[in-house]
Each structure stands twice: as structure tokens, then as C-alpha cells.
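The structure appears right after this line, and notes come after that.
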């Protein structure tokens with residue numbers, strides 16, 4: 001199962017002065033990046049960050065940033081505006097919208 005992070009629209013002044021410099025998923029919230037928090041909670045590495053404006057962004061250890069388009073499933077698509085608590089980590093399964101569990 002793939003994990004994708006959707007980037008918010010960072011063109012508004014609410015994200016200034018950091019919006020458009022790097023993906024929100026690569027920002028730190030405490031000791032971890034938002035991306036790293038999602039990876040720990042879900043138990044999967046991020047396949048890609050989805051953002052039209054930042055497509056092609058590269059950094060040493062960040063996943064690729066690609067424009068919006070078809071997402072190959074099965075996949076988990078998460079909002080990068082939300083940084084989950086690490087205590088929210090599931091024990092061994094992850095619930096999907098179709099109410100099935102994935103190990």
C-alpha cells in the first residue's frame with residue numbers, strides 16, 4: 001500500500017513567509033517532519049508528495065513531489081496540514097474506509 005501526502009494551497013498569506021519554499025510535509029513539527037510523523041503512524045514510507053506548484057522539488061532525503069494526477073492504489077492519501085501525534089500509532093493494523101483492516 002502506498003502513502004501519498006496532499007499539500008495545502010500555500011499561496012495565501014497564512015503560510016507566509018514559508019509557503020512555496022519547501023513542501024509543508026517537509027516542515028518540522030517538534031522533532032519530526034510532518035512526513036515522518038505520517039510514516040510512523042501508518043507504518044509505510046511516503047511514496048510521493050502531491051503538489052502542482054512544488055512539483056520537481058528535491059532535497060537529500062525527501063520523497064518526490066509530483067503534480068496532481070492519477071494515484072495508483074491501493075493507497076492512503078493524507079493531508080499534510082495535519083501532523084498526527086505519534087501516540088496515535090496503530091498497534092498492528094490500519095483501518096481503511098471500506099472497513100477492512102490492513103496488516
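Filtering segment 11-57 to residues that are in contact with a strand residue (DSSP E or B) (Cβ under 8 Å, 6 or more places away or on another chain) and part of a loop (DSSP other than H, G, I, E, B) leaves 23, 27, 43, 44, 45, 51, 54, 55, 56, 57. Residues that are more than 11 Å from residue 3 (Cα to Cα) and surrounded by fewer than 17 Cβ atoms within 10 Å (Cβ to Cβ) within segment 35-53 comprise 40, 52, 53, listed in sequence order. Looking at 37, 33, just one residue is in contact with a helix residue (DSSP H, G or I) (Cβ under 8 Å, 6 or more places away or on another chain), under 16 Å from residue 81 (Cβ atoms) and free of Cβ contacts under 8 Å to residues at least 24 places away in the same chain, and that residue is 33.
The listed residues are 80, 31, 25, 68, and the only one of them that is under 11 Å from residue 4 (Cβ atoms), surrounded by fewer than 14 Cβ atoms within 10 Å (Cβ to Cβ) and modelled with pLDDT under 95 turns out to be 68.
The values are calculated or read from the model by the stated rules, or taken from the named source; none is laboratory data. Everything numeric here is computed off the predicted structure, so don't read it as measured data. Cβ sites come from the backbone with ideal geometry, for glycine too, and all protein chains shown count toward neighbours.
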